[in-house]
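Here the structure is laid out as structure tokens; the discussion comes afterwards.
The values are calculated or read from the model by the stated rules, or taken from the named source; none is laboratory data. Please read all numbers here as calculations on a predicted model, not as lab measurements. Positions of Cβ are generated from backbone atoms using ideal geometry, with glycine treated the same way; all protein chains shown enter the neighbour counts.
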Amino acid sequence: MPDIYAIGDVTDRINLTPVAIAEGHTLAERLFSKHAPRDWAYDTTPKAVFFSETLASVGLTEEEAAKQADLDVFTASFRPLRQTLIGRDRKAFMKLIVERDSQKVVGAHMMGDAAAELMQGVAIAVTAGLTKRDFDRTIGIHPTTAEEFVTMRSPTRQVSRAS
Ligand SMILES: Cc1cc2nc3c(=O)[nH]c(=O)nc-3n(C[C@H](O)[C@H](O)[C@H](O)COP(=O)(O)OP(=O)(O)OC[C@H]3O[C@@H](n4cnc5c(N)ncnc54)[C@H](O)[C@@H]3O)c2cc1C
């Protein structure tokens with residue numbers, strides 16, 4: 001049917017509110033605007049699971065990235081200062097997936113307090129195609145959990161491209 005369009009969850013691609021809104025924008029622009037529709041970065045749609053420990057990620061998982069290239073994988077696991085001060089033992093875990101040859105950061109993952117808030121900012125960097133060097137030369141905000149993303153110095157492991 002040429003006059004019926006599908007956007008949002010009914011297309012069953014990325015079932016999230018901001019994606020449905022973006023698709024709505026695209027359709028409206030395509031139908032009614034003189035300008036080309038905005039170029040949304042669906043590949044780097046950040047995602048979160050809101051739970052007692054929030055999970056958040058953007059880009060590729062380690063397994064997905066290893067199908068495309070050799071990887072340097074950086075991880076950090078630590079107890080944030082705030083947790084230490086209030087006498088709790090909750091830790092945060094963070095991971096950066098970096099393509100070894102290009103040094104492009106293709107995935108970022110986190111579990112811990114404020115993971116979703118933090119990942120929205122990291123998603124801009126991953127969408128922009130920034131490299132590990134760009135992360136390394138970014139000055140941290142101390143004392144925060146977020147600064148771990150710019151202070152991971154050595155790979156935790158190197159992963160060869162899956163054949
Ligand atoms: C429990 C839950 C939690 C979620 N939490 C999040 C979250 O934290 N963050 C996030 O980004 N996304 C979340 N989502 C996903 C998000 O709600 C959807 O991706 C988003 O609402 C999709 O928008 P949509 O317009 O495509 O569909 P919908 O919001 O489902 O809108 C479709 C509308 O069409 C109406 N409709 C259906 N059939 C007909 C019909 N035959 N005639 C007329 N009207 C009809 C429905 O009643 C509904 O109002 C959550 C979803 C669920 C179920």
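Structural remarks
- Among the residues of segment 80-104, those that are within 25 Å of residue 125 (Cα to Cα), at pLDDT below 95 and not hydrophobic (A, V, I, L, M, F, W, C) comprise 80, 91.
- Flag if residue 32 is exposed (fewer than 12 other Cβ atoms within 10 Å of the Cβ), farther than 20 Å from residue 154 by Cα and within 16 Å of the ligand (Cβ to nearest atom): no
- Residue check for residue 39: surrounded by 13 or more Cβ atoms within 10 Å (Cβ to Cβ) and either away from the ligand (no atom under 16 Å from the Cβ) or β-branched (Val, Ile, Thr) (or both): no
- Any hit, segment 126-135, residues being under 19 Å from residue 72 (Cα atoms), touching a residue at least 24 places away in the same chain (Cβ under 8 Å) and of a type in the set (A, V, I, L, M): yes
- Pair list, Cβ < 6 Å and 6+ apart or interchain, from segment 146-161 residues that are small (Gly, Ala, Ser) to residues that are buried (at least 16 other Cβ atoms within 10 Å of the Cβ): 146/118
- For segment 1-21, a residue qualifies if it is more than 8 Å from the ligand (Cβ to nearest atom) and of a type in the set (Gly, Ala, Ser), and exactly one does: 6.
- Any chance residue 53 is assigned by TED's automatic domain parsing to the domain that holds residue 91, under 24 Å from residue 124 (Cβ atoms) and either more than 9 Å from the ligand (Cβ to nearest atom) or touching a Gly at 6+ places or on another chain (Cβ under 7 Å) (or both): yes
- Matching residues in segment 66-91 - criterion: being under 15 Å from residue 156 (Cβ atoms) and without any contact (Cβ under 8 Å) to a residue 60 or more places away in the chain: 77
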